[in-house]
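Everything below concerns the one structure shown next.
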Amino acid sequence: MPSFCPRSYGHGALSTGGYFLATDFLNLGSSKAKPSGLSFAQKLEKLHGTAAPVPDGHSSPQFGFAMPTCCGNTEQPNDFTSSWSDFYANQRLRAVAKASEKANGKDEALGKLVEKVASVVVPRLLRDGHLKSHYGTPIAPVVVHGDLWSGNHGKGSIGDGPVEHVVYDPSSAYAHSEFEMGIMKMFGGFSGVLDEYHELKPKDLPREEYDDRVELYEL
């Protein structure tokens, strides 16, 4: 999606300390101009149509990513997992709870709540064979931004390109596409976008549990 997100060209450690990341220049100074190209919803649907590759050592696409990623300053493990339910319970809920406990100390009541959600609610809504695509097939891992709130979306030009809808500062992973909606709905700022998005990509099945899944993904 070169017109949606700046491309990365290089990264590494600096001899003076710290690190560098070199990407296409993203010019947000012209954000008041009317964007050309695809709408935000169209670009997001196209992004979520990008299937995960088959990682080395596996025979099929997996949920996860080749390395840990950060959401804010919280590092998230992305160990490749064939089950989305297992990935979300272990690599997100339990992992974030463990990081929080390490940083802030143990909270027994919170720990019990997280474990109940991970062991009861997650398999209830996301278990293999229950959660399916709108076509009725098993959900497949696709590219998601992973931290898509209004502060990571804008109108601007990438390099010398035209002004378009753009996103940046991702916490990417190969995940269930609806995982994106958790942060989008939690912080708001996307009025009308999701309606257009779901006209292009209908809600997954069971459709009547969509709101429950999005609330779960807000965690």
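The values are calculated or read from the model by the stated rules, or taken from the named source; none is laboratory data. Treat the numbers as computed from the prediction; the structure is a model and nothing was measured. Positions of Cβ are generated from backbone atoms using ideal geometry, with glycine treated the same way; all protein chains shown enter the neighbour counts. The area values use the complete protein model at the heavy-atom level, side chains included, leaving out ligands, DNA and RNA. Shrake-Rupley method; radii C 1.70, N 1.55, O 1.52, S 1.80 Å.
Computed on protein heavy atoms with a 1.4 Å probe, the accessible areas place Tyr168, Tyr210 in the order Tyr168, Tyr210, largest first. Surface listing: Trp149, Trp84 arranged by accessible area from highest to lowest gives Trp149, Trp84, probe 1.4 Å.
A Cβ-based charge dipole, computed about the Cα centre of the range 24-160 with Lys and Arg at +1 and Asp and Glu at -1, lands at about 460 debye. Ignoring the sites themselves, the chain has its longest run without trypsin sites (Lys or Arg not before Pro) in a DSSP loop having at most 16 other Cβ atoms within 10 Å at 128-219.
Calculated accessible area for the chain comes out at 56 Å² per residue, all protein chains present (probe 1.4 Å; ligands, DNA, RNA ignored). With contributions of -39500 (n - 2.57) from each DSSP H run of at least four residues, the per-residue ellipticity at 222 nm computed over the chain stands at -7500 deg cm²/dmol.
In the chain, a dipole from Cβ-located charges (positive for Lys and Arg, negative for Asp and Glu) runs towards its positive end, and of Leu126, Leu14, Ser36 it is Leu14 whose Cα lies farthest in that direction. Extension gain, Lys102 to Cys70, is 9.9 nm, computed as 0.36 nm per intervening residue step minus the present C-alpha separation. Solvent-accessible area of Asp169, probe 1.4 Å, all protein chains present, reported in Å² to the nearest ten, please. Rounded to the nearest 10, that gives 100 Å². Return the carbon/sulfur percentage of the accessible area of the chain, one whole number, probe 1.4 Å, all protein chains in place. Of the solvent-accessible surface of the chain, carbon and sulfur hold 54 percent. When Rg/Rh (Cα atoms, Kirkwood Rh) is computed from the coordinates, the matching label among (i) 0.97; (ii) 1.00; (iii) 1.04 is (i). Sorting His58, His153, His11, His145 on solvent-accessible area from highest to lowest, probe radius 1.4 Å, gives His11, His58, His153, His145.
Annotation: amide H of Phe80 within the under-5 Å range of Phe65, sequence separation 5 or more or interchain, hydrogens built in the peptide plane.
Each residue was assigned an accessible area with a 1.4 Å probe, and for Met67 the value is about 110 Å². Return the whole-Å distance between the Cα centroid of the range 146-161 and the Cα centroid of the range 167-188. The range 146-161 and the range 167-188 have Cα centres separated by 13 Å. Each residue of the range 39-49 was assigned a 3J(HN,Hα) from its phi angle through the Karplus expression (A = 6.51, B = -1.76, C = 1.60, θ = phi - 60°), giving 5, 4, 4, 5, 5, 5, 4, 5, 4, 6, x Hz with x at Gly and Pro. Evaluated with a Cβ-only charge set (Lys, Arg +1; Asp, Glu -1), the range 1-101 carries a dipole of roughly 460 debye about its Cα centre, given to the nearest 20. Val143 sits with roughly 30 Å² accessible to a 1.4 Å probe, with DNA, RNA and ligands left out of the calculation.
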